[in-house]
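Written out below as structure tokens is the structure these notes cover.
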Amino acid sequence: MKKVCLIAGSTFLLSGTLLFGIVFLAIANFAGKMTGWSDPPGKFAIAMDETMMTAPHVISILFMIIGIIFYAVAIYMALSIKKAEDSSNEISVQ
């Protein structure tokens, strides 16, 4: 189970990071060619809306969060197994 969590966490974190980078590059490429924009949303938000990259941007952030959660679960499982082994060793020594 720990190995599955590590593989899933790695996959989600890597996918989210790559998708975030690609989306950010697409938005930055479009924002450089914009001639006008309005504040308060700003240039980045308008470029993201114009290129319809809001959904991929949100999905990439969710993938990264899910990957971090999988990593946290794997670390928690490893620590709980180690703690259980340590407590069983203490009982057998006494």
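The values are calculated or read from the model by the stated rules, or taken from the named source; none is laboratory data. It should be emphasised that the depicted structure is a prediction, and the values quoted were computed from it without experimental measurement. Reconstructed Cβ throughout: ideal geometry from the backbone, glycine too, with neighbour counts over all protein chains shown. These area figures cover heavy atoms from the full protein model, side chains too; ligands, DNA and RNA do not enter into them. Shrake-Rupley method; radii C 1.70, N 1.55, O 1.52, S 1.80 Å.
Which numbered condition in (1) of a type outside the set (S, T, N, Q); (2) part of a loop (DSSP other than H, G, I, E, B); (3) open to solvent by 100 Å² or more (accessible area, probe 1.4 Å); (4) in contact with a helix residue (DSSP H, G or I) (Cβ under 8 Å, 6 or more places away or on another chain) is the only one that Met34 fails?
Every listed condition holds for Met34 apart from (3).
Take the conditions open to solvent by 70 Å² or more (accessible area, probe 1.4 Å) and part of a helix (DSSP H, G or I) and apply them to Val73. Does it pass?
Criteria not met by Val73.
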